[in-house]
Amino acid sequence: FVLFEDHLPKFANKITVHNSFLKQRYKDLGIDEKKLIYLPNGIETERFSNISKSKISKLKSKFKLNNKKVILYFGSFSLRTGHAIDLLLKSFIRVKKNIKNSVLLLVGGGEDIDLLKKYASELKLNSVIFTGRIDKDEIPYYIKLSNVTVEPVYDTLANQARSPLKIFESMAIGVPVVTGDVGDRRLITENGKAGILVKPGDDKELADGIIKILLNKRLARGISKESFRIIKNYRWDKLVNILTKSIASIA
């Protein structure tokens, strides 16, 4: 597999890479940078338009989120693949001490969900809601009802090489995101203009980033405004245009 992965690209006219980690890896293999097309994750505009207010209201009632500060994680519950929900649970202890009406909403499923439920119980966290898996079309509603989304990460190769879709989706709705400063996250958020970057693997810094968003409405509005501006660069129609122009240039 490594032989295939390292040598086949040398025969290609163009290679798409969805993060800087892979771009540098191919350059280190001797691939001409002119062959590399940076093509990160993107968003489908129509998924994030016309979000029903009544549906959001129903979700808030269902999970008793009215008058709450909602912290959202959505995605895989697999610790082995770099999704550090354990770190987020630990950080929520500090958040809850500072913001009494905060709630941690955990959306999704995976191999470690039972383990994480047990860990939340051990930490004596009584304001954590596990929703289980939802349809992907429901995700925009959960983002919209939240005050902040979180992508908790450790500094691992997997996270260095990931183009995190949840950040793009949060930006598309204008909800501030807090994440670890790993891989392309600084590039995507334009040095933290569209989110708060913290030291990866540090539960205190993660908590403080969340608290900062929840207590500073002016900061949250500013991040939301920047998110709407920056996400325009990550619409799939624009990314496809970059790809087709690059392919057309092949002699």
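Only the coordinates and a few stated rules stand behind these numbers; no lab work does. Keep in mind the model is a prediction, meaning the values are calculated, not measured. Using ideal geometry, Cβ is built from the backbone for each residue, glycine included, and neighbour counts are taken over all protein chains shown.
When the helices of the chain are scored as -39500 (n - 2.57) per DSSP H run of n ≥ 4 and the total is divided over every residue, the value at 222 nm lands at -13000 deg cm²/dmol.
Packing, taken as the mean count of other beta carbons within 10 Å per residue, orders the peptides 150-158, 28-36, 197-205 from highest to lowest as 150-158, 197-205, 28-36. When the Cα positions of 78, 99, 113 are compared along the charge dipole of the range 68-124, 99 comes out farthest toward the positive end, with charges on each C-beta of Lys, Arg, Asp and Glu.
With the biggest extent put first, the Cα atoms of the chain measure 61, 37, 31 Å across the principal axes. With R₀ fixed at 45 Å, the C-beta to C-beta distance from residue 8 to residue 191 puts the FRET efficiency at about 0.80.
In degrees, nearest 10, range 0 to 90: what is the angle between the Cα axis of helix 236-248 and the longest Cα principal axis of the chain? The angle comes out near 10 degrees.
Couplings for the range 218-230, taken from phi via the Karplus curve 6.51 cos²θ - 1.76 cosθ + 1.60 with θ = phi - 60°, read 5, 4, 4, 5, x, 5, 4, 4, 5, 4, 4, 6, 5 Hz in order; Gly and Pro are left as x. With a Förster radius of 35 Å applied to the beta-carbon distance between residue 218 and residue 244, the computed FRET efficiency rounds to 0.30. Spacing of the modelled spin labels on residue 93 and residue 78, each 7 Å from Cα toward Cβ, amounts to 2.9 nm. Mean sequence separation of contacting Cα pairs (under 8 Å, at least six apart), scaled by the length of the chain, corresponds to a relative contact order of 22 percent. Under 5 Å from the amide H of residue 196 lie the amide H atoms of 177, 178, 179, each residue being 5 or more positions distant or on a separate chain, with H modelled from the backbone and absent for Pro and chain starts. Its convex hull of Cα atoms gives the range 164-251 a direction-averaged projected area, equal to a quarter of the hull surface, of 6.3 nm².
Sorted from longest to shortest, the spans of the Cα atoms of the range 1-50 along the three principal axes equal 47, 24, 19 Å.
Express the Stokes-Einstein translational diffusion coefficient of the range 80-176 in µm² s⁻¹, to the nearest whole number, given a Kirkwood radius over alpha-carbon pairs, 25 °C and a viscosity of 0.890 mPa s.
For these conditions, the coefficient is 170 µm²/s.
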